[in-house]
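Shown next, in structure tokens, is the structure this report addresses.
The values are calculated or read from the model by the stated rules, or taken from the named source; none is laboratory data. This one's a predicted model, so the numbers in the text were calculated from it and none came from an experiment. No Cβ is skipped: glycine too gets one built from the backbone with ideal geometry, and neighbour counts run over all protein chains shown. Keep in mind that these areas ignore ligands, DNA and RNA; they rest on the heavy atoms of the full protein, side chains included. Shrake-Rupley method; radii C 1.70, N 1.55, O 1.52, S 1.80 Å.
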Amino acid sequence: MNKYNLIIDYTDVTGSPADEPLTLAEVKNYLRLEGFIDDSESSSTEFDDDDTLIGELIVSCRERLELFTGLSFIPKSYEVELTNLAGYITLPFGPVTDITSVEDVNGTTLTYTTSNNLSKLKTPVQANLIVTYDCGYATLPKGLKEAMFKEIAYRYEHR
């Protein structure tokens with residue numbers, strides 16, 4: 001018999017979504033849309049014409065980059081149905097922060113072991129498991145924040 005691992009299905013079971021990793025003010029500052037001082041004026045100007053657009057770009061760019069990287073940029077909860085016949089299956093949408101439950105398809109709670117950083121489910125080694133877990137970054141790493149800034153700037157300039 002061949003031993004294999006397989007992600008069968010997944011569902012995002014996050015309650016209310018977390019705050020976005022970038023604020024409107026941070027993005028406007030990166031785009032240099034606020035605080036511009038014109039030579040003819042003595043105070044900075046306020047620019048709020050595109051606030052709605054920029055807010056939508058923050059969400060859509062985060063979602064697109066999450067798909068591209070396979071990571072969760074904000075805290076989320078997932079329920080994943082998987083087969084772990086070879087053991088050591090990597091849980092998707094990391095980084096995994098907490099495993100809530102591991103059950104078989106009948107709803108029986110199973111004991112399990114994981115790698116040190118919770119990214120891999122070592123045991124149980126069986127088919128058709130349902131794993132519920134929390135994942136995502138509490139604070140987005142600088143490199144991923146920069147990627148979001150650049151993607152938002154590109155989309156803003158080329159709309």
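Note on region 67-115: residues that are open to solvent by less than 20 Å² (accessible area, probe 1.4 Å), within 24 Å of Thr23 (Cα to Cα) and among the hydroxyl-bearing types (Ser, Thr, Tyr) total 1.
Restricting attention to region 139-151, the residues that are farther than 16 Å from Asp19 by Cβ and touching a Leu at 6+ places or on another chain (Cβ under 8 Å) add up to 3.
What is the residue count in region 100-159 for residues that are among the aliphatic types (A, V, I, L, M) and under 30 Å from Gly55 (Cβ atoms)?
Of the residues in that region, 7 qualify.
Does any residue of region 1-15 turn out to be more than 28 Å from Tyr133 (Cα to Cα) and either in a strand (DSSP E or B) or at pLDDT below 95 (or both)? Scanning region 1-15, I find at least one residue that is more than 28 Å from Tyr133 (Cα to Cα) and either in a strand (DSSP E or B) or at pLDDT below 95 (or both), so the answer is yes.
Annotation note: Cβ proximity below 8 Å between a residue of region 47-68 that is among the polar types (S, T, N, Q) and modelled with pLDDT of 95 or more and a residue that is open to solvent by less than 100 Å² (accessible area, probe 1.4 Å) and not in a helix (DSSP H, G or I) (sequence gap 6+ or interchain) occurs for no pair. Say we look at region 116-138 and pick out the residues that are in contact (Cβ under 8 Å) with a residue 60 or more places away in the chain and within 30 Å of Leu22 (Cα to Cα); which of these is most open to solvent (accessible area, probe 1.4 Å)? Among those residues, the one meeting the criterion is Ala138. Figure legend. Inter-residue proximity from region 1-13: first residues loosely packed, with under 10 Cβ neighbours inside 10 Å, second residues assigned to a strand (DSSP E or B), beta-carbon distance below 7 Å, spacing 6+ or different chains. Indicated pairs: Asp9/Glu81. Pairing residues of region 83-95 that are within 10 Å of Lys3 (Cβ to Cβ) and at pLDDT 95 or above with residues that are of a type in the set (Phe, Trp, Tyr) and in a loop (DSSP other than H, G, I, E, B), at Cβ distances under 6 Å and at least 6 apart in sequence or on separate chains, gives Leu85/Tyr4; Ala86/Tyr4.
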